[in-house]
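The values are calculated or read from the model by the stated rules, or taken from the named source; none is laboratory data. It should be emphasised that the depicted structure is a prediction, and the values quoted were computed from it without experimental measurement. Neighbour counts run over all protein chains shown; Cβ positions are idealised from the backbone, glycine included. Please note that ligands, DNA and RNA were not included when accessible areas were found on the heavy atoms of the full protein model with its side chains. Shrake-Rupley method; radii C 1.70, N 1.55, O 1.52, S 1.80 Å.
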Amino acid sequence: CVIIIVARLVVEKGFRELLAAMRNLDAELWVVGERLSSDHDKNIGRDVEAVLRDPFVSQRIKFLGQRDDVPELLRAADIFVLPSYREGMPRSIIEAMMTGLPVVATDIRGSREEVCHGSTGYLVSVGSVEELRKALSELIKDETLRGSMGTAGLERARRTFDEKIVLARQISELSL
């Protein structure tokens with residue numbers, strides 16, 4: 001089972017909690033992204049180094065860096081995760097839903113507007129390694145659940161976040 005995260009490599013994206021949760025999960029994690037020179041949040045370099053030194057965990061966590069083939073990587077994965085501390089309206093969750101992936105994200109603004117807890121994925125408390133581990137574990141163990149949540153997420157993304165629908169809604173609301 002492959003879990004994927006597409007995010008900048010900074011603390012506020014929840015990497016410390018995700019890496020800790022991975023210690024007890026029977027899955028592989030693909031980390032897509034890098035730290036930007038403009039990032040002001042704390043670096044997770046030491047956390048990455050610790051993972052790479054641990055042979056038990058390092059075999060299951062792949063740091064893929066900045067990629068141009070994110071849609072293909074999303075389609076090859078089984079679960080999308082974004083345990084951020086704060087977000088606006090995370091496009092990465094919508095992109096994951098558009099590829100039919102169930103999503104595990106933190107219960108914060110933006111993410112909670114996109115993910116329907118128990119239907120398209122799970123929302124967990126910010127900073128809770130145990131809730132994150134439990135939600136991911138449930139999806140890892142149940143392929144049927146992953147499929148049904150992924151399908152529900154795809155339908156929701158098409159119905160709610162399609163660019164044409166969003167623009168038409170904005171034009172209508174603004175009476176243009």
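Return yes when residue 80 is at pLDDT below 95, surrounded by 21 or more Cβ atoms within 10 Å (Cβ to Cβ) and among the hydrophobic types (A, V, I, L, M, F, W, C) and no when it is not. No. Summed over region 91-121, residues that are open to solvent by less than 10 Å² (accessible area, probe 1.4 Å) and either aliphatic (A, V, I, L, M) or in a loop (DSSP other than H, G, I, E, B) (or both) total 11. Out of the residues in region 13-29 that are of a type in the set (A, V, I, L, M, F, W, C) and part of a helix (DSSP H, G or I), state the one that is farthest from the chain's Cα centre (by Cα). The qualifying residue farthest from the chain's Cα centre (by Cα) is 20. Sort through 65, 110 and tell me the only one that's modelled with pLDDT under 95 and of a type in the set (Gly, Ala, Ser). Exactly one of 65, 110 is modelled with pLDDT under 95 and of a type in the set (Gly, Ala, Ser), namely 65. Are any residues in region 122-136 among the hydrophobic types (A, V, I, L, M, F, W, C), out of contact with any Leu (no Cβ under 6 Å at 6 or more places or on another chain) and not in a helix (DSSP H, G or I), and if so, which ones? Those that are among the hydrophobic types (A, V, I, L, M, F, W, C), out of contact with any Leu (no Cβ under 6 Å at 6 or more places or on another chain) and not in a helix (DSSP H, G or I): 123, 126.
Considering only residues in region 48-69 that are part of a helix (DSSP H, G or I) and in contact with a helix residue (DSSP H, G or I) (Cβ under 9 Å, 6 or more places away or on another chain), the one that is nearest to residue 35 (Cα to Cα) turns out to be 48. In this entry, residue 84 passes the filter for residues that are part of a loop (DSSP other than H, G, I, E, B), within 12 Å of the chain's Cα centre (by Cα), on the phi < 0 side of the Ramachandran plot and hydroxyl-bearing (Ser, Thr, Tyr).
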